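K.L.:
Before we start, here is the structure in question, set down as structure tokens.
The values are calculated or read from the model by the stated rules, or taken from the named source; none is laboratory data. Predicted model only: the values in this text are computed from it and were never measured. Cβ atoms come from the backbone with ideal geometry, glycine included; neighbour counts cover every protein chain shown. Ligands, DNA and RNA are stripped out before the accessible areas are found, and what is left, the full protein with its side chains, is counted by its heavy atoms. Shrake-Rupley method; radii C 1.70, N 1.55, O 1.52, S 1.80 Å.
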Amino acid sequence: MDVKKQYINGKWVLALSGETREIINPFDQEVVALVAEGNEKDAKLAIDAARNAFDQGDWATTSATERGNLVGVIAALIERDKEELAELESLDTGKTVEESRGDMEDIAGVFRYYAELADKDGGEIIDSPVPDTISKVVKEPVGVCGQITPWNYPLLQASWKLAPALAAGNTLIMKPSEITPLTTIKVFELMEEAGLPKGVANLVLGTGATVGEELSTNENVDLISFTGGIETGKRIMRSASSNVKKLALELGGKNPNIIFADADFDTAVDQAMNAVFFHAGQICSAGTRVIVEESIHDAFVEALVARVKKIHLGSGFEEDTQMGPLISQEHLDKVKAYVEDGVKEGAKVAVGGSRPTDPKLQNGFFYLPTVLTECTTDMSVVQHEGFGPVITVERFRDEKEAIRLANDSIYGLAGGVWTKDITKAQRCVAKMRMGTVWINDANVYFPHAPWGGFKQSGIGRELGKPGLEEYQETKHVYHNINPEPINWF
Ligand SMILES: NC(=O)c1ccc[n+]([C@@H]2O[C@H](COP(=O)([O-])OP(=O)(O)OC[C@H]3O[C@@H](n4cnc5c(N)ncnc54)[C@H](O)[C@@H]3O)[C@@H](O)[C@H]2O)c1
Ligand SMILES: C[N+](C)(C)CC=O
């Protein structure tokens, strides 16, 4: 098997140490690729290349239109190769190919969006209070950006960072999750094909403890953008203080999904499932905390459980598969322990709560879609991000209690509210402390609207105009058109 390489300073290179890593398919643990396993030395080379390309190269001063055009070419190449990319993503993560196809459409859309946005902000003229002066505010690239991504949406999360960073004129070093690098490697091939100048975008493969730490601490990196778990985020925040890097953190969520009695019942049941069981619940914004109005609680749970029992588990490559495996044995063990803790605390398993018994699934990291009832806000299953196919159900008596339960979390990434009463929905939205709130929908995101978290779900925003601004510095240019001595001294 050929070793897939890193991309540093415009060249495909093995790790300096010669080390490699096997990438496995979580459906059956088959080795699907062998990739270079870089470490801090490879990261340093890539940082030097990105620094040099930013300080000495033309990219930062290339016109925004030209940069946007190049980002647009990358979008077109992703569109061209989307089927290959979708299959690679499913091999690497276990998610269904249908889900991966959706991701690839979104990813091409993100590149297209930033291609268009690149040259739309030509700066702002300020009405200067000083006579005979011109005051202008312009946007410039931040510099060298370190970008670190997780395993659950490998290329989608990478695209939210790569496209705006390039459109804004930065140079970068990307470190994908060490267990799911395949689609990111492929997109670097496409960026090379698109003609990106050498050193502008660099790819280093390896662990967080080596490559990730180097990107976060190295003083030649000006900005670090991280998507991943809260504990890693806190650590990166500390490391980034070395040279006061600009910091963007997209962390976890423990997202409430409030169901009022006057919601469209069947749609709310259906979407409560969609909000969690796509990609086996390994979604930062999964609506795992279902909070149901008392009067419909029992009927809602009954309908939910009946539907959840029918979810078909299998290979992401089989058409009738609705849910694939978890990413790894380590993660499966965590999800099992998370459910066991909930049960010890008094939660009841209404469905699931174990590994499937189907012999065809025994080599994969499968866990049954699970609904836990009789949950209360003090339980660990309600407070901690399980990141698996598990719904906890709580009940509420009135709107005030629903909001209190929804906000009772250290996280604030996303939330949902289901009701036909639009005034009530708007009252709830105004009180829900989350970066995204869906009314009568779940888990919707698109390039035009910003994404990010309140509270400990993160700092900053990706997507939309704010997603470009994360990668820009703001400069005030003050021009005295009639300079003369002031004779103070
Ligand atoms: N807010 C969002 O938009 C969003 C999106 C996707 C995932 N997530 C979150 O990501 C988490 C799951 O992903 P994960 O398990 O890959 O997270 P993780 O924090 O374990 O790893 C994420 C990335 O950080 C790297 N890393 C690990 N230790 C590091 C260190 N010390 N320094 C620098 N980098 C380091 C990893 O190698 C990986 O590339 C969940 O909490 C999920 O909610 C959030
Ligand atoms: C941000 N999102 C929803 C695409 C993936 C979260 O894990």
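K.L.:
Which of the GluC sites (Glu not before Pro) found in the range 160-235 are in a DSSP loop and have at most 14 neighbouring Cβ atoms, other than their own, within 10 Å?
P.N.:
219
K.L.:
Only loop residues by DSSP count here, and only those with at most 15 other Cβ atoms within 10 Å; note down the trypsin sites (Lys or Arg not before Pro) in the range 180-266 that meet that.
P.N.:
none
K.L.:
Which pairs break 19 Å Cα to Cα here: 139/246; 11/186; 95/344; 175/465; 95/175; 254/420?
P.N.:
95/344; 175/465; 95/175; 254/420
K.L.:
Relative to the compact globular guide of 2.2 N^0.38 Å, what is the alpha carbon radius of gyration of the range 21-116, as a ratio? Intermediate results must be reported in sequence, preceding the final value.
P.N.:
Working: Rg = 17.3 Å, N = 96, 2.2 N^0.38 = 12.5 Å.
The range 21-116 yields a ratio of 1.39.
K.L.:
Compute from the Cα atoms of the range 214-335 the Rg and the Dmax, the latter being the longest Cα-Cα distance, and quote both in angstrom.
P.N.:
That works out to 19.6, 59 Å for Rg and Dmax.
K.L.:
Starting from the Cα of residue 245, draw a straight line to each of the aspartates and glutamates and keep only those under 18 Å, dropping any in the same chain fewer than 8 residues away.
P.N.:
Result set, ordered by chain and number: 48, 55, 140, 213, 214, 219, 222, 462, 469, 470, 473.
K.L.:
Another one. Pop a pseudo-label 7 angstrom from the Cα along the beta-carbon direction at both residue 132 and residue 337 and give the gap in nm to one decimal.
P.N.:
Inter-label distance under the simple model: 7.2 nm.
K.L.:
Right, next: Among DSSP beta bridges whose residues both lie in the chain, state the antiparallel percentage, nearest 5.
P.N.:
45 percent
K.L.:
Can you work out ³J(HN,Hα) from phi for every residue in the range 396-413, in order, using Karplus 6.51 cos²θ - 1.76 cosθ + 1.60 and θ = phi - 60°, giving whole Hz and x for Gly and Pro?
P.N.:
Ordered by residue, 3J(HN,Hα) equals 9, 9, 9, 4, 4, 5, 4, 5, 4, 5, 4, 8, 7, 7, 6, 8, x, 7 Hz.
K.L.:
Tell me, how many Å apart are the Cα centres for the range 429-489 and for the range 189-206?
P.N.:
If you average the Cα positions of each part, the centres end up 27 Å apart.
K.L.:
On to the next question. Mind putting a number on the dipole of the range 73-153 about its Cα centre? Charges go on the C-beta only, +1 for Lys and Arg and -1 for Asp and Glu, and I need it in Debye to the nearest 20. Write down the numbers at each step before the final one.
P.N.:
On the way: 8 positive and 19 negative charges, 48 e Å.
Roughly 240 debye for the range 73-153.
K.L.:
Relative contact order for the chain: what percent, with Cα pairs under 8 Å and sequence separation of 6 or more?
P.N.:
Relative CO of the chain lands at 18 percent.
K.L.:
From the phi of every residue in the range 283-293, what ³J(HN,Hα) in whole Hz does the Karplus formula 6.51 cos²θ - 1.76 cosθ + 1.60 yield, where θ is phi - 60° and glycine or proline is x?
P.N.:
10, 4, 9, 4, x, 6, 9, 7, 10, 10, 5
K.L.:
Moving on. Ignoring ligands, DNA and RNA, what percent of the accessible area of the chain is carbon or sulfur (1.4 Å)?
P.N.:
51 percent
K.L.:
For the chain, what is the calculated [θ] at 222 nm in deg cm²/dmol (nearest 500), taking -39500 (n - 2.57) for each run of four or more DSSP H residues and dividing by its residue count?
P.N.:
About -11500 deg cm²/dmol.
K.L.:
How many angstrom lie between the Cα centre of the range 240-313 and the Cα centre of the range 396-410?
P.N.:
15 Å
K.L.:
If you don't mind, there's one more thing I want to ask. Give me the compactness ratio for the chain, meaning the Cα radius of gyration over 2.2 N^0.38 Å.
P.N.:
Values: Rg = 24.0 Å, N = 489, 2.2 N^0.38 = 23.1 Å.
After normalising by residue count via 2.2 N^0.38 Å, the value is 1.04.
K.L.:
Now a separate question. Using only protein heavy atoms and a 1.4 Å probe, report how much of residue 61 is accessible, in Å² to the nearest 10.
P.N.:
About 120 Å², ignoring ligands and nucleic acids.
K.L.:
Residue 407 to residue 192: extension gain in nm, 0.36 nm per residue of separation minus the Cα-Cα distance?
P.N.:
72.9 nm
K.L.:
Go through the range 1-41 and name the GluC sites (Glu not before Pro) that are in a DSSP coil and have 16 or fewer other Cβ atoms within 10 Å of their Cβ.
P.N.:
Answer by residue number: 19, 30.
K.L.:
Taking the solvent-accessible surface of protein heavy atoms with a 1.4 Å probe, what is the per residue accessible area of the chain in Å²? Intermediate results must be reported in sequence, preceding the final value.
P.N.:
Values: 20590 Å² over 489 residues.
Accessible area per residue, the chain: 42 Å².
K.L.:
Pull out the extension gain between residue 360 and residue 320, defined as 0.36 nm times the separation in residues minus the alpha carbon to alpha carbon distance; nm, one decimal.
P.N.:
Result for the pair: 13.0 nm of gain on full extension.
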